[in-house]
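Student: Could you have a look at this structure, given as structure tokens, before my questions?
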Amino acid sequence: MTFTEKLTRSIQSTQSLLCVGLDPVVSRIPQPLREKISDDAELIFEFCRRIVEITKPHACAFKPNLAFFEALGAPGWEAFEKLMDVIPSNRILIADAKRGDIGNTADKYKEAFFDRLGADAITLNPFMGLETLVPYTKDEEKAVFVLVMTSNSGAADFMKRRFEGRTSLSEYIAEELSKLQTGSATHLGMVIGATQSSDLQPVLSAHSSSHLLIPGIGTQGGSLMELQKVLETHKGIPIINSSRSIIYAGENHEDWISMVLNRTLEMKESFKPITEKYVV
């Protein structure tokens, strides 16, 4: 099954474009759970496990962010590996690693996340050049999501600057990804921020068949209405990520998990005007 086929099936079964980002900060995990589990690595695993369990009928994808696991050392990495096994096999699993390196190093990142851990996709940083992407391009069951125009304000430092006659460096990267896609079995997707809607059209036009991983809705304040307009003519499939606004929705309430579910359903419903284009 190709990545696109699996993604399409996941969207159809959940009627959702929602990706739940898993960014577990120990101090923000609800107090009732912290009182039960003293070990930090076990705590972040159990927190994420419960979120996956309650949200999996409504999310087409899950995106664990490696930094929040790696910060705890070896126990954190073990927690990440355990979490990979918990995420349902019929959902898209995106390893949010933001790796970017050349040669044998890139080969080893690919081996770790695709071959050993079984992620469906990985986020990659392209700023050491397109050669950093080549080791990932041989598997039709996988995808990479390349940082093209991110949701943070720092995107203006490099990504949004004019480059080689294009409106932005982001547009140039998108053009190069489109060219590389012609010889790639792996799907080459793009990370684009919902907070950058006014600058996205040239980028999307440059790689019009690209699937999209879209952060910036929720806590970062991206506009769904503006995003919908930008996506109207795009041929690829958007995956709309929400992390903090979902996983910390319960704050320290005793019934925090129900509040997480309610926020998930609210976000799923809010995406409906966009989702309708991609579901039967």
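The values are calculated or read from the model by the stated rules, or taken from the named source; none is laboratory data. The structure displayed is predicted, hence computed values, not measured ones. Every residue, glycine as well, gets a Cβ built from its backbone with ideal geometry; the counts of neighbours run over all protein chains shown.
Student: In segment 85-97, which residues are surrounded by 20 or more Cβ atoms within 10 Å (Cβ to Cβ) and assigned to a loop (DSSP other than H, G, I, E, B)?
Tutor: Hits for segment 85-97 are Ile87, Arg91.
Student: Does segment 156-171 contain any residue that is hydroxyl-bearing (Ser, Thr, Tyr), over 18 Å from the mean Cα position of the chain (by Cα), crowded, with 22+ Cβ neighbours inside 10 Å and in a loop (DSSP other than H, G, I, E, B)?
Tutor: Within segment 156-171 (the criterion being hydroxyl-bearing (Ser, Thr, Tyr), over 18 Å from the mean Cα position of the chain (by Cα), crowded, with 22+ Cβ neighbours inside 10 Å and in a loop (DSSP other than H, G, I, E, B)), the answer is yes, since at least one residue qualifies.
Student: If you scan segment 98-149, which residues turn out to be within 20 Å of Ser210 (Cβ to Cβ), surrounded by fewer than 20 Cβ atoms within 10 Å (Cβ to Cβ) and aliphatic (A, V, I, L, M)?
Tutor: Those that are within 20 Å of Ser210 (Cβ to Cβ), surrounded by fewer than 20 Cβ atoms within 10 Å (Cβ to Cβ) and aliphatic (A, V, I, L, M): Leu130, Val134.
Student: Which one of these is in a helix (DSSP H, G or I) and of a type outside the set (A, V, I, L, M, F, W, C): Ser151, Ser178? Before the answer, list the steps.
Tutor: Details: Ser151 fails: in a helix (DSSP H, G or I).
Result of the check over Ser151, Ser178: Ser178.
Student: Can you tell me which residue is nearest to Glu269 (Cα to Cα) among those in segment 22-55 that are over 22 Å from the mean Cα position of the chain (by Cα) and hydroxyl-bearing (Ser, Thr, Tyr)?
Tutor: Ser27
Student: Does segment 86-121 hold any residues that are of a type outside the set (Gly, Ala, Ser) and touching a residue at least 60 places away in the same chain (Cβ under 8 Å), and which are they? Can you show your working first?
Tutor: Restricting attention to segment 86-121, the residues satisfying the condition of being of a type outside the set (Gly, Ala, Ser) are 86-88, 90-94, 96, 98-99, 101-102, 104-105, 107-111, 113-117, 120.
Asn90, Arg91, Ile92, Ile94, Asp96, Asp120 - these are the residues of segment 86-121 that are of a type outside the set (Gly, Ala, Ser) and touching a residue at least 60 places away in the same chain (Cβ under 8 Å).
Student: As an exercise: evaluate His58 against (1) assigned to a helix (DSSP H, G or I); (2) within 18 Å of the chain's Cα centre (by Cα); (3) farther than 17 Å from Thr186 by Cβ and give the number of the one condition it does not meet.
Tutor: Here His58 meets the rest and fails (1).
Student: Hey, does segment 13-25 have a residue that's farther than 23 Å from Asp255 by Cα, assigned to a loop (DSSP other than H, G, I, E, B), in contact with a strand residue (DSSP E or B) (Cβ under 8 Å, 6 or more places away or on another chain) and modelled with pLDDT of 95 or more? Don't jump to the end; show me each part of the working.
Tutor: Initial filter on segment 13-25 (farther than 23 Å from Asp255 by Cα): 13-17.
Among the residues that remain, those that are also assigned to a loop (DSSP other than H, G, I, E, B) are: 15-17.
In the following step, the residues that additionally are in contact with a strand residue (DSSP E or B) (Cβ under 8 Å, 6 or more places away or on another chain) were identified as 17.
Those still in the list that are modelled with pLDDT of 95 or more too: 17.
Yes: one or more hits.
Student: Let me ask you something else. Between a first residue in segment 238-255 that is under 29 Å from Leu204 (Cα atoms) and a second residue that is of a type in the set (Ser, Thr, Tyr) and surrounded by fewer than 23 Cβ atoms within 10 Å (Cβ to Cβ), which pairs have beta carbons less than 9 Å apart while being 6 or more apart in sequence or on different chains?
Tutor: Sorted first by the residue in segment 238-255, then by its partner, the pairs are Pro238/Tyr278; Ile240/Thr275; Ser242/Thr219; Ser243/Thr219; Arg244/Thr219; Ser245/Thr219.
Student: Could you check segment 146-164 and list, in sequence order, the residues that are of a type outside the set (Phe, Trp, Tyr) and touching a Phe, Trp or Tyr at 6+ places or on another chain (Cβ under 9 Å)?
Tutor: First, the residues of segment 146-164 that are of a type outside the set (Phe, Trp, Tyr): 146-157, 159-162, 164.
Answer for segment 146-164, where residues must be of a type outside the set (Phe, Trp, Tyr) and touching a Phe, Trp or Tyr at 6+ places or on another chain (Cβ under 9 Å): Leu147, Glu164.
Student: Now, a different point. Only one of these is exposed (fewer than 14 other Cβ atoms within 10 Å of the Cβ) and touching a Lys or Arg at 6+ places or on another chain (Cβ under 9 Å): Ser27, Ser38. Name it.
Tutor: Result: Ser27 is the single residue among Ser27, Ser38 that is exposed (fewer than 14 other Cβ atoms within 10 Å of the Cβ) and touching a Lys or Arg at 6+ places or on another chain (Cβ under 9 Å).
Student: Within segment 232-255, can you find the residues that are in a helix (DSSP H, G or I), out of contact with any Asp or Glu (no Cβ under 9 Å at 6 or more places or on another chain) and either β-branched (Val, Ile, Thr) or surrounded by 22 or more Cβ atoms within 10 Å (Cβ to Cβ) (or both)?
Tutor: The answer is Ile246, and nothing else.
Student: Considering only residues of segment 218-231 that are more than 22 Å from Leu33 (Cβ to Cβ) and either in contact (Cβ under 8 Å) with a residue 40 or more places away in the chain or small (Gly, Ala, Ser) (or both), which is surrounded by the most Cβ atoms within 10 Å (Cβ to Cβ)? Please lay out each step first, then the result.
Tutor: Of the residues in segment 218-231, the ones more than 22 Å from Leu33 (Cβ to Cβ) are 220-231.
Cutting the leftovers down to either in contact (Cβ under 8 Å) with a residue 40 or more places away in the chain or small (Gly, Ala, Ser) (or both) gives us 220-224, 227-228, 231.
Working: Gln220: 17, Gly221: 10, Gly222: 19, Ser223: 15, Leu224: 18, Leu227: 25, Gln228: 15, Leu231: 21.
This residue is Leu227.
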